[in-house]
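Participant: Just passing along the structure, written as structure tokens.
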Amino acid sequence: MAKLCLCLTGKTLAHNLEVLERYRKYVDLAELRVDCLEPDESFYIRRFPEKAGLPVILTVRREQDGGYYKGTESSRITLLAQGIANAYTNPRQNFAYIDLESDITVPGLEEASRVFGTKIIRSYHNITGVDSDLVSTIKSLRRVGDEIAKVAVMSSSLDEVLQLYRAAQETEKIEKIVVCMGHFGTPTRILAEHFGSKIMYSTGKNELMAAPGQLDPQVLSDIYHFHTITTSTRIFGVMGFPLAVTSSPSFFNKVFQLENIDAVYVPFPADSVPSFLALADAIGLVGTSVTVPHKEAVVSYLASASAAVHSIGACNTLLRTKEGWQGFNTDASGFSDSLLDFIGKKTLKNKRITIVGAGGAARAVASEVYRLKGKALILNRTELRAKELAAPYEFAWHKLDRAGMEYVGKYSDIIIQTTSAGMAPEVETDPLALYQFSGKEMVMDIIYEPAQTKFLKRASEAGCRTINGADMLVRQARLQYEFFMGYEFPNQFMASIADPLL
């Protein structure tokens, strides 16, 4: 079972102990990053394992390996030696591990570590990319059989995450730690057990990041239930890009826990559909949610699709079958159920509606507006896409510009914002900034984080009734759950589900 390690990157030992106490119940061991300590603090590192009260890794990471140590190599070796010198008879008072980079050759230090019961992690870091032959890198790291091989590489695509996974599979008999740093590497941190990692590293909230992409140990524990994930755990997820914000894991993983199902729902930042599907096949992904910008592109990779996917031309749910990926669209029902409840109507008859955007979500919205007898105006930055979306429904369309604002006044009973404008990192973006609300419009933004976008705030301040996308998200997620699991959503658990979505 993979162990969770808390990286301690404070400037003082006292601060590191405070951080450790905050996260103690979530982690199995800690890594003392001596390279982050103030110079005077390093004289006292020998005492740290006893005070920590759990296994500790001793690390002095160089800048070239992504660390913060700026001194000479001889001084760094001296620090490492100080950390394991004068061993106590009680092994709990000694460092449990020492991290030595692959190019270090100090026989005395290595021998002393073994004599004192300190296990060696032989590490290799590539902070600029991913090596072409990771299998050879992993195999070459250990000098003797009791060492743990560690490979940390900076991934810039999901293809490189797949490359690491395959290398890990080819070296499954080697005790190791493997991780992709950076945003794309998120699945390697959550699915450490599937990637064959003995240890996975984490950094506390608001602490100096030990490596790019590390997650908070409380998040790994409370949301992803890190310690319950085994190689038998079924994997579900959400794929999109950049996928900087997603509350779906909180929802699905909580339901899995309440139903006592051995499954985990993981975010997969995906730069392309083929890259994601290749990784999904490799790790045996059961099903996934699909979000921007892949809802339309993924359709061509489906072996079969629901009627909704065919009519809308966008897919937000994938389920693995023997024949291949089956696609569904739950955005449409999730949207219409949420909107109708918001406006207190059963249809959109006699309602004139502006839809901002022409992407996958807008397709689902337009389809439902048409089905519910509404009339709509499609506004989009790319005029051709607005025209293409409007055509099947005989809706009005226009470019999202100053001239287009004149049309909004004629379709202002309800205004629906379907783009990602307003989400991080574009939280100051208002896609309808040129339009002046009268206060009579009912306004919906399908974004749920932040809870109130700049667009929605401006509408609310003008006196409009507003709703964000949280309710829609929950409604469509419940439908996704039914496709994933093959039975009706357990509504009795709704009151127990945490409230990050609502």
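Participant: Specify the residue that is farthest from residue 422 (Cα to Cα); the eligible residues are those in segment 447-470 that are modelled with pLDDT of 95 or more and out of contact with any strand residue (DSSP E or B) (no Cβ under 7 Å at 6 or more places or on another chain).
Facilitator: It comes out as 463.
Participant: Would you pick out the residues in segment 266-278 that are more than 10 Å from the chain's Cα centre (by Cα) and buried (at least 23 other Cβ atoms within 10 Å of the Cβ)?
Facilitator: Of all residues in segment 266-278, those more than 10 Å from the chain's Cα centre (by Cα) come to 270-278.
Residues satisfying the conditions are 270, 276.
Participant: Taking segment 295-307 as the region of interest, how many residues are surrounded by fewer than 24 Cβ atoms within 10 Å (Cβ to Cβ) and touching a residue at least 40 places away in the same chain (Cβ under 8 Å)?
Facilitator: The total comes to 1.
Participant: Select from segment 123-149 the residues that are in a strand (DSSP E or B) and within 29 Å of residue 277 (Cβ to Cβ) and list them in ascending order. Before the answer, list the steps.
Facilitator: Just the residues of segment 123-149 that are in a strand (DSSP E or B), to begin with: 123-126, 148-149.
Within segment 123-149, 126 is the sole residue that qualifies.
Participant: Anything in segment 407-458 that is surrounded by 16 or more Cβ atoms within 10 Å (Cβ to Cβ), among the small types (Gly, Ala, Ser) and either out of contact with any helix residue (DSSP H, G or I) (no Cβ under 7 Å at 6 or more places or on another chain) or part of a strand (DSSP E or B) (or both)? List them, or say none.
Facilitator: 412, 420, 421
Participant: For segment 26-43, how many residues meet the condition of being surrounded by 14 or more Cβ atoms within 10 Å (Cβ to Cβ), of a type outside the set (A, V, I, L, M, F, W, C) and more than 26 Å from the chain's Cα centre (by Cα)?
Facilitator: Residues of segment 26-43 that are surrounded by 14 or more Cβ atoms within 10 Å (Cβ to Cβ), as a first pass: 26-37, 41-42.
Now drop any that are not of a type outside the set (A, V, I, L, M, F, W, C), which leaves 26, 28, 31, 33, 35, 41-42.
Filter once more, so that each one left must be more than 26 Å from the chain's Cα centre (by Cα): 35, 41-42.
Within segment 26-43, residues that are surrounded by 14 or more Cβ atoms within 10 Å (Cβ to Cβ), of a type outside the set (A, V, I, L, M, F, W, C) and more than 26 Å from the chain's Cα centre (by Cα) number 3.
Participant: Could you check how many residues of segment 281-294 are farther than 23 Å from residue 364 by Cα and either touching a residue at least 24 places away in the same chain (Cβ under 8 Å) or touching a helix residue (DSSP H, G or I) at 6+ places or on another chain (Cβ under 7 Å) (or both)? Spell out how you get there, then give the answer.
Facilitator: Of the residues in segment 281-294, the ones farther than 23 Å from residue 364 by Cα are 281-286.
Right, trim to either touching a residue at least 24 places away in the same chain (Cβ under 8 Å) or touching a helix residue (DSSP H, G or I) at 6+ places or on another chain (Cβ under 7 Å) (or both) and you get 282-286.
Adding up the residues that qualify gives 5.
Participant: On the given criteria, is residue 172 in contact (Cβ under 8 Å) with a residue 40 or more places away in the chain and in a loop (DSSP other than H, G, I, E, B)? Can you show your working first?
Facilitator: Details: in contact (Cβ under 8 Å) with a residue 40 or more places away in the chain: no; in a loop (DSSP other than H, G, I, E, B): yes.
When the stated conditions are applied, residue 172 does not pass them.
Participant: Right, another one. Residue check, residue 486 against (1) at pLDDT 95 or above; (2) more than 28 Å from residue 259 (Cβ to Cβ), all met but one. Which one?
Facilitator: Of (1) at pLDDT 95 or above; (2) more than 28 Å from residue 259 (Cβ to Cβ), only one is false for residue 486: (2).
Participant: Could you give every pair whose Cβ atoms fall below 7 Å, whose first residue belongs to segment 5-16 and is assigned to a strand (DSSP E or B), and whose second residue is of a type in the set (Ser, Thr, Tyr), counting only separations of at least 6 or pairs across chains?
Facilitator: 5/201; 5/202; 6/23; 6/202; 7/201; 7/202; 7/203
Participant: Looking only at segment 421-467, count every residue that is over 20 Å from residue 408 (Cβ atoms) and not charged (D, E, K, R) and tell me the total.
Facilitator: Total meeting the criteria: 8.
Participant: So which helices (runs of 4 or more DSSP H) stay within segment 28-122 end to end and still have 1 or more residues that are basic (Lys, Arg) and touching a strand residue (DSSP E or B) at 6+ places or on another chain (Cβ under 9 Å)? Step through it out loud before you land on a result.
Facilitator: Working: elements: 48-52, 73-84, 107-115.
The qualifying helices (runs of 4 or more DSSP H) are 73-84, 107-115.
Participant: Test residue 208 against the stated conditions and say whether it is touching a Ser or Thr at 6+ places or on another chain (Cβ under 9 Å), part of a helix (DSSP H, G or I), of a type outside the set (Ser, Thr, Tyr) and farther than 17 Å from residue 237 by Cα. I'd like the intermediate steps shown before the answer.
Facilitator: Values: touching a Ser or Thr at 6+ places or on another chain (Cβ under 9 Å): yes; part of a helix (DSSP H, G or I): no; of a type outside the set (Ser, Thr, Tyr): yes; farther than 17 Å from residue 237 by Cα: yes.
No: the conditions fail for residue 208.
Participant: Just give me the residues in segment 79-88 being under 11 Å from residue 42 (Cα atoms) and more than 38 Å from the chain's Cα centre (by Cα), in sequence order.
Facilitator: Filtering segment 79-88 down to residues under 11 Å from residue 42 (Cα atoms) leaves 79-80, 82-83.
Hit for segment 79-88 is 82, nothing else.
Participant: Within segment 336-382, can you find the residues that are over 33 Å from the mean Cα position of the chain (by Cα) and charged (D, E, K, R)? So that I can check it myself, show each step before the final result.
Facilitator: Taking segment 336-382 as the starting set, the residues that turn out to be over 33 Å from the mean Cα position of the chain (by Cα) are 343-353, 370-377.
Answer for segment 336-382, where residues must be over 33 Å from the mean Cα position of the chain (by Cα) and charged (D, E, K, R): 345, 346, 349, 351, 352, 371, 373, 375.
Participant: For segment 272-288, which positions are farther than 16 Å from residue 155 by Cβ and part of a helix (DSSP H, G or I)?
Facilitator: 273, 274, 277, 280, 281, listed by residue number.
Participant: Still on this structure, I have one more. Any idea which of 129, 117 is within 15 Å of residue 182 (Cβ to Cβ) and either surrounded by fewer than 20 Cβ atoms within 10 Å (Cβ to Cβ) or touching a Pro at 6+ places or on another chain (Cβ under 6 Å) (or both)?
Facilitator: 129
Participant: Next question, about the same structure. Counting only residues that are surrounded by fewer than 18 Cβ atoms within 10 Å (Cβ to Cβ), β-branched (Val, Ile, Thr) and in contact with an Asp or Glu (Cβ under 9 Å, 6 or more places away or on another chain), how many does segment 204-233 have?
Facilitator: Here the count works out to 4.
Participant: On to the next question. Report, by residue number, each residue of segment 459-480 that is buried (at least 20 other Cβ atoms within 10 Å of the Cβ) and small (Gly, Ala, Ser).
Facilitator: 459, 469, 477
Participant: To continue, here is another question. Could we say that residue 201 is modelled with pLDDT of 95 or more, part of a loop (DSSP other than H, G, I, E, B) and aromatic (Phe, Trp, Tyr) here?
Facilitator: Values: modelled with pLDDT of 95 or more: yes; part of a loop (DSSP other than H, G, I, E, B): no; aromatic (Phe, Trp, Tyr): yes.
It is false that residue 201 is modelled with pLDDT of 95 or more, part of a loop (DSSP other than H, G, I, E, B) and aromatic (Phe, Trp, Tyr).
Participant: Still on this structure: Is it fair to say residue 58 is out of contact with any Phe, Trp or Tyr (no Cβ under 8 Å at 6 or more places or on another chain) and assigned by TED's automatic domain parsing to the domain that holds residue 179?
Facilitator: Values: out of contact with any Phe, Trp or Tyr (no Cβ under 8 Å at 6 or more places or on another chain): no; assigned by TED's automatic domain parsing to the domain that holds residue 179: yes.
No; evaluated as a whole, the condition is false for this residue.
Participant: Got at least one residue in segment 353-361 being surrounded by fewer than 17 Cβ atoms within 10 Å (Cβ to Cβ) and either basic (Lys, Arg) or in contact (Cβ under 8 Å) with a residue 24 or more places away in the chain (or both)? Break it down stepwise before answering.
Facilitator: Step one: list which residues in segment 353-361 are surrounded by fewer than 17 Cβ atoms within 10 Å (Cβ to Cβ), which gives none.
Among the residues of segment 353-361, not one is surrounded by fewer than 17 Cβ atoms within 10 Å (Cβ to Cβ) and either basic (Lys, Arg) or in contact (Cβ under 8 Å) with a residue 24 or more places away in the chain (or both), which makes the answer no.
Participant: Could you tell me which residue of segment 481-496 is surrounded by the fewest Cβ atoms within 10 Å (Cβ to Cβ), considering only residues that are farther than 10 Å from residue 255 by Cα and either touching a strand residue (DSSP E or B) at 6+ places or on another chain (Cβ under 8 Å) or among the hydroxyl-bearing types (Ser, Thr, Tyr) (or both)?
Facilitator: Among them, the one singled out is 487.
Participant: In addition: Among all residue pairs at least 6 apart or on different chains, which show Cβ distances below 7 Å where the first residue, located in segment 128-140, is polar (S, T, N, Q) and the second is crowded, with 16+ Cβ neighbours inside 10 Å?
Facilitator: Close Cβ pairs (under 7 Å, with a partner that is crowded, with 16+ Cβ neighbours inside 10 Å) amount to 128/154; 137/124; 137/131; 137/151.
The values are calculated or read from the model by the stated rules, or taken from the named source; none is laboratory data. Bear in mind the structure is a predicted one, so any value in this text is a computation, not a measurement. Don't worry about glycine lacking a Cβ; one is built from the backbone with ideal geometry, like all the others, and counts go over all protein chains shown.
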